[in-house]
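Right, one structure below, let's go through it.
The values are calculated or read from the model by the stated rules, or taken from the named source; none is laboratory data. All of these numbers come straight from a predicted model, not from anything done at the bench. Counting neighbours? That spans all protein chains shown, and the Cβs are built from the backbone with ideal geometry, glycine included.
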Amino acid sequence: MKTGTCRMHILAAVAAGIFLSGFTGLAAAATPGEKRKEIQKMRSETLAKLYKVHPAARGDIQKAAGYAVFSNIGVNLVLLSVAGGSGVAHDNRTGKDVYMKMVSGGVGFGLGVKDFRGVFVFSTAKTLQQFTESGWAADAQADAAAKSGEKGGAVAGAITVAPGVDLYQLTENGLALQATIQGTKYFKDDDLNGK
(Lines give C-alpha, C1' and ligand atoms only; values in the text may rest on other atoms or scores of the structure.)
Protein backbone atom coordinates (compact mmCIF):
# COMPACT_ATOMS: atom_id res chain seq x y z
CA MET A 1 0.00 0.00 0.00
CA LYS A 2 1.33 3.46 -0.85
CA THR A 3 2.33 5.73 2.03
CA GLY A 4 -0.18 8.44 1.03
CA THR A 5 -3.06 5.97 0.92
CA CYS A 6 -2.04 4.50 4.27
CA ARG A 7 -1.97 7.96 5.83
CA MET A 8 -5.48 8.71 4.49
CA HIS A 9 -6.79 5.46 6.00
CA ILE A 10 -5.19 6.27 9.37
CA LEU A 11 -6.49 9.86 9.28
CA ALA A 12 -10.00 8.64 8.40
CA ALA A 13 -9.94 6.09 11.23
CA VAL A 14 -8.79 8.68 13.77
CA ALA A 15 -11.42 11.19 12.62
CA ALA A 16 -14.11 8.51 12.78
CA GLY A 17 -13.05 7.63 16.31
CA ILE A 18 -13.27 11.27 17.38
CA PHE A 19 -16.66 11.60 15.69
CA LEU A 20 -18.11 8.50 17.33
CA SER A 21 -16.67 9.44 20.74
CA GLY A 22 -18.70 12.65 20.43
CA PHE A 23 -21.86 10.54 20.38
CA THR A 24 -20.86 8.65 23.53
CA GLY A 25 -19.65 11.80 25.28
CA LEU A 26 -22.95 13.60 24.74
CA ALA A 27 -24.96 10.52 25.61
CA ALA A 28 -23.01 9.93 28.83
CA ALA A 29 -23.84 13.45 30.05
CA ALA A 30 -27.60 12.84 30.09
CA THR A 31 -29.73 10.65 32.34
CA PRO A 32 -31.97 8.00 30.72
CA GLY A 33 -35.00 10.21 31.44
CA GLU A 34 -33.36 13.20 29.74
CA LYS A 35 -32.41 11.07 26.73
CA ARG A 36 -35.96 9.76 26.39
CA LYS A 37 -37.30 13.32 26.57
CA GLU A 38 -34.89 14.47 23.82
CA ILE A 39 -35.88 11.54 21.60
CA GLN A 40 -39.59 12.32 22.13
CA LYS A 41 -38.92 15.95 21.20
CA MET A 42 -37.04 14.85 18.07
CA ARG A 43 -39.96 12.57 17.15
CA SER A 44 -42.49 15.41 17.48
CA GLU A 45 -40.34 17.81 15.43
CA THR A 46 -39.66 15.20 12.74
CA LEU A 47 -43.32 14.22 12.37
CA ALA A 48 -44.34 17.89 12.20
CA LYS A 49 -41.78 18.50 9.44
CA LEU A 50 -42.89 15.37 7.55
CA TYR A 51 -46.56 16.37 7.72
CA LYS A 52 -45.66 19.85 6.46
CA VAL A 53 -43.72 18.63 3.39
CA HIS A 54 -45.92 15.58 2.76
CA PRO A 55 -49.39 15.95 4.39
CA ALA A 56 -50.60 12.52 3.22
CA ALA A 57 -48.01 10.89 5.49
CA ARG A 58 -50.19 11.64 8.54
CA GLY A 59 -52.92 9.27 7.31
CA ASP A 60 -50.37 6.60 6.34
CA ILE A 61 -48.88 6.66 9.85
CA GLN A 62 -52.24 6.74 11.64
CA LYS A 63 -53.58 3.68 9.82
CA ALA A 64 -50.32 1.70 10.15
CA ALA A 65 -49.62 -0.88 12.87
CA GLY A 66 -46.85 1.41 14.08
CA TYR A 67 -43.95 3.63 13.13
CA ALA A 68 -40.40 4.49 14.18
CA VAL A 69 -38.63 7.84 14.00
CA PHE A 70 -34.82 8.16 13.94
CA SER A 71 -32.33 11.01 13.87
CA ASN A 72 -29.02 10.20 12.22
CA ILE A 73 -25.83 12.19 11.88
CA GLY A 74 -23.22 10.86 9.48
CA VAL A 75 -19.76 11.95 8.40
CA ASN A 76 -17.96 11.08 5.17
CA LEU A 77 -14.20 11.23 5.59
CA VAL A 78 -12.40 10.61 2.28
CA LEU A 79 -12.74 6.78 2.15
CA LEU A 80 -14.74 6.11 5.30
CA SER A 81 -18.27 7.03 6.35
CA VAL A 82 -19.68 6.57 9.85
CA ALA A 83 -23.01 7.45 11.38
CA GLY A 84 -24.96 6.99 14.56
CA GLY A 85 -28.27 8.00 15.98
CA SER A 86 -31.23 7.19 18.12
CA GLY A 87 -34.96 6.90 17.80
CA VAL A 88 -38.19 5.46 19.06
CA ALA A 89 -40.65 2.93 17.66
CA HIS A 90 -44.33 3.38 18.50
CA ASP A 91 -47.06 0.71 18.49
CA ASN A 92 -50.29 2.41 17.38
CA ARG A 93 -52.45 -0.33 18.89
CA THR A 94 -50.92 -0.44 22.40
CA GLY A 95 -49.40 3.05 22.56
CA LYS A 96 -46.10 1.52 23.71
CA ASP A 97 -42.77 3.14 22.81
CA VAL A 98 -39.53 1.20 22.31
CA TYR A 99 -36.33 3.28 22.32
CA MET A 100 -33.72 2.25 19.77
CA LYS A 101 -30.24 3.01 18.44
CA MET A 102 -28.76 2.95 14.97
CA VAL A 103 -25.19 2.67 13.69
CA SER A 104 -23.74 2.50 10.21
CA GLY A 105 -20.43 2.52 8.48
CA GLY A 106 -19.12 2.15 5.01
CA VAL A 107 -16.33 2.77 2.57
CA GLY A 108 -16.56 5.29 -0.24
CA PHE A 109 -15.26 8.57 -1.56
CA GLY A 110 -16.52 11.87 -0.25
CA LEU A 111 -16.26 14.55 2.39
CA GLY A 112 -18.97 16.14 4.46
CA VAL A 113 -21.54 15.76 7.19
CA LYS A 114 -25.15 14.78 6.65
CA ASP A 115 -27.97 15.03 9.15
CA PHE A 116 -31.21 13.33 8.26
CA ARG A 117 -34.31 11.94 9.88
CA GLY A 118 -36.06 8.71 9.00
CA VAL A 119 -39.67 7.68 9.63
CA PHE A 120 -40.37 3.97 9.19
CA VAL A 121 -44.01 2.92 8.72
CA PHE A 122 -44.93 -0.69 9.54
CA SER A 123 -48.02 -2.06 7.82
CA THR A 124 -48.40 -5.05 10.17
CA ALA A 125 -47.89 -5.75 13.86
CA LYS A 126 -45.53 -8.57 12.87
CA THR A 127 -43.12 -6.29 10.96
CA LEU A 128 -43.13 -3.79 13.83
CA GLN A 129 -42.44 -6.52 16.39
CA GLN A 130 -39.61 -7.98 14.31
CA PHE A 131 -38.05 -4.53 14.02
CA THR A 132 -38.22 -3.76 17.75
CA GLU A 133 -37.49 -7.21 19.16
CA SER A 134 -34.93 -8.60 16.71
CA GLY A 135 -33.52 -5.38 15.29
CA TRP A 136 -32.95 -4.86 11.61
CA ALA A 137 -29.92 -4.52 9.36
CA ALA A 138 -30.34 -2.63 6.09
CA ASP A 139 -28.33 -4.30 3.36
CA ALA A 140 -27.56 -3.13 -0.17
CA GLN A 141 -31.07 -4.11 -1.25
CA ALA A 142 -32.59 -1.54 1.14
CA ASP A 143 -31.49 1.48 -0.88
CA ALA A 144 -34.33 2.38 -3.22
CA ALA A 145 -35.88 5.27 -5.06
CA ALA A 146 -39.20 6.78 -4.03
CA LYS A 147 -42.16 5.70 -6.12
CA SER A 148 -44.79 7.99 -7.56
CA GLY A 149 -47.55 6.36 -5.51
CA GLU A 150 -49.32 5.15 -8.64
CA LYS A 151 -47.24 1.99 -9.01
CA GLY A 152 -47.61 -1.21 -7.04
CA GLY A 153 -49.47 0.27 -4.09
CA ALA A 154 -46.39 2.02 -2.75
CA VAL A 155 -47.04 4.81 -0.28
CA ALA A 156 -46.60 8.06 -2.20
CA GLY A 157 -43.44 9.85 -1.08
CA ALA A 158 -42.22 6.83 0.88
CA ILE A 159 -39.67 4.24 -0.11
CA THR A 160 -40.35 0.53 0.43
CA VAL A 161 -37.24 -0.85 2.16
CA ALA A 162 -38.57 -4.30 3.14
CA PRO A 163 -41.87 -6.18 2.84
CA GLY A 164 -44.38 -4.28 4.96
CA VAL A 165 -41.91 -1.48 5.79
CA ASP A 166 -41.89 1.94 4.12
CA LEU A 167 -39.50 4.79 4.87
CA TYR A 168 -39.85 8.55 4.65
CA GLN A 169 -36.38 10.09 4.76
CA LEU A 170 -36.10 13.81 5.50
CA THR A 171 -33.16 16.10 4.89
CA GLU A 172 -32.77 19.81 5.50
CA ASN A 173 -34.23 20.34 2.01
CA GLY A 174 -37.34 18.25 2.59
CA LEU A 175 -38.34 14.73 1.57
CA ALA A 176 -35.51 12.64 0.08
CA LEU A 177 -36.23 10.82 -3.17
CA GLN A 178 -33.57 8.18 -2.52
CA ALA A 179 -33.15 6.13 0.66
CA THR A 180 -29.59 5.90 1.91
CA ILE A 181 -29.70 3.37 4.73
CA GLN A 182 -27.38 0.71 3.33
CA GLY A 183 -25.07 -0.73 5.99
CA THR A 184 -27.24 0.55 8.88
CA LYS A 185 -28.24 -1.57 11.87
CA TYR A 186 -31.20 -0.71 14.10
CA PHE A 187 -31.47 -2.26 17.55
CA LYS A 188 -33.18 -1.82 20.93
CA ASP A 189 -31.54 0.57 23.42
CA ASP A 190 -31.58 -1.49 26.62
CA ASP A 191 -30.50 1.49 28.75
CA LEU A 192 -33.56 3.54 27.76
CA ASN A 193 -36.05 0.67 27.91
CA GLY A 194 -35.32 -0.12 31.54
CA LYS A 195 -33.31 -3.32 31.00
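Scan the range 9-30 and give yes if some residue there is at pLDDT 60 or above and either closer than 14 Å to D189 by Cβ or over 17 Å from the mean Cα position of the chain (by Cα) (or both), otherwise no. Yes: the range 9-30 contains one or more residues that are at pLDDT 60 or above and either closer than 14 Å to D189 by Cβ or over 17 Å from the mean Cα position of the chain (by Cα) (or both). Just one residue in the set Q129, Q141 is modelled with pLDDT of 95 or more and polar (S, T, N, Q); that residue is Q129.
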